[in-house]
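K.L.:
Okay, handing you the structure first.
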Amino acid sequence: MCSDEKPVTYRPHGSQERPRDYIQSLDRAVEILEYLAFSKESRGLLEISKALQLHKTTVHRILGTLSHRGYVQQDPETSRYRIGLRLLEIGDAALQNLDLRPLHPFLQELMQHSQETVHLGVLEDYEIVYVDKVESKETIRMYSRLGHRVPAHCTSMGKMILAHSPQALVRSLAAEKGLPKFTANTIVDEETLGHHLDEVRLQGYAVDDEEYEQNIRCIAGPVFDYKAKIAAAFSISGPKFRMTSQRLRELAPLVKEYSQIMSRALGAVD
């Protein structure tokens, strides 16, 4: 999406099937945290209770515990709740533990070369999670945020990681998540996707040609670790009127070059 922010909406995360060691109270606490995190405004007790279909007494007790731990803050004047700063510390610690920090300078270089927004993403639960980015300085640019999740089957980073993953992962993705259609260009057939991923692997880069969002095009490259396994992917993203077919062809050698540079930074051997 370009300079206008895309609304962030709450959607539950995780499998529909409950594990054997499922703890209901903990699940409800996480659900409340996620709901508040994706709310741009503070929320009242009854509002949270209604939205999540939880008894208000249960919500009140959970909010009290979360407030005590710093994960939720309550406005003393309105009694409304919003997400606490403690989550920022947890999120930052999670990113630090990914050990992808050595790649940030290269993302900055790629942004300077391309003048477009550059992302770094990893695969989790069949989705791509943005773990780092360098924003374009252009007025019209793709909007994104760290921690945001996007589908793997129709994004350049997702297709790149899937192309270097076992075929069983693609089959599991199709079976558990499906291949939903977002635009007219989205690949929604498993066999077609498989052939496309073969091409991606051979050419060394992946393109999102308005497959997830209209008017947005991206080109991605892989990052391998010291075990020669796919560790992450990076992408250059921008509006269609700048990311023309010619521009994508011009960026392809740059993407392949930085794939090697970033992989070496993680210990990969050419």
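K.L.:
How would you rank 28-41, 119-132, 173-186, highest first, on the average number of other Cβ atoms within 10 Å across their residues?
P.N.:
Highest to lowest by the protection proxy: 119-132, 28-41, 173-186.
K.L.:
Please give the charge dipole size of the chain, origin at the Cα centre, charges +1 on K and R Cβ atoms and -1 on D and E Cβ atoms. Round to the nearest 20 debye.
P.N.:
Its charge dipole is roughly 560 debye.
K.L.:
May I pose another question? Stick to the Cα atoms of the stretch 155-204, pair each with every other, and give me the Kirkwood hydrodynamic radius in Å at one decimal.
P.N.:
Evaluated on the stretch 155-204, it is 11.1 Å.
K.L.:
Moving on. With 32 Å as the limit, write out which pairs from Lys40/Lys256; Lys137/Lys256; Lys50/Lys159; Lys50/Lys133; Lys40/Lys177 have Cα-Cα distances beyond it, or answer none.
P.N.:
Lys40/Lys256; Lys50/Lys159; Lys50/Lys133
K.L.:
Multiplying the sequence separation of Glu77 and Glu190 by 0.36 nm and subtracting their Cα-Cα distance, what value in nm do you get?
P.N.:
35.3 nm
K.L.:
For Lys56 and Arg242 in the same chain, what is the full-extension length gain: residue separation times 0.36 nm, less their Cα-Cα distance, in nm?
P.N.:
That pair, Lys56 and Arg242, stretches by 61.9 nm at full extension.
K.L.:
Please give the residues of the stretch 49-76, grouped as numeric ranges, whose backbone N is less than 18 Å from a label point set 7 Å along the Cα-to-Cβ vector of Asp125.
P.N.:
Residues 52 fall inside that zone.
K.L.:
Taking the simple approach of a point 7 Å from Cα along Cα-to-Cβ for both Asn215 and Glu47, what is their distance in nm?
P.N.:
Once both label points are built, they end up 3.0 nm from each other.
K.L.:
Can you give me the pair-distance distribution of the stretch 116-270, C-alpha pairs, 10 Å bins, whole percents?
P.N.:
Each 10 Å bin holds this share of Cα pairs: 12, 44, 36, 8, 0.
K.L.:
Any idea which of Leu100, Ser235, Leu85 is furthest toward the positive side of the dipole for the chain, if Lys and Arg beta-carbons carry +1 and Asp and Glu beta-carbons -1?
P.N.:
The Cα lying farthest towards the positive end belongs to Leu85.
K.L.:
What is the distance, in nm, between label points placed 7 Å from the Cα along the Cα-to-Cβ direction at Arg201 and at Glu135?
P.N.:
So the two model labels end up 3.8 nm from each other.
K.L.:
Could you work out the percent of alpha carbon pairs in the chain separated by over 24 Å, rounded to a whole number?
P.N.:
Counting every Cα pair in the chain, those more than 24 Å apart make up 54 percent.
K.L.:
Could you give the C-alpha radius of gyration of the stretch 22-123 expressed as a fraction of 2.2 N^0.38 Å, taking N as the number of residues it contains?
P.N.:
So the Cα radius of gyration is 1.42 times the expected 2.2 N^0.38 Å.
Coordinate-derived values only; no laboratory data. A quick note: this is a predicted structure, and the numbers were derived from the prediction, not measured. Don't worry about glycine lacking a Cβ; one is built from the backbone with ideal geometry, like all the others, and counts go over all protein chains shown.
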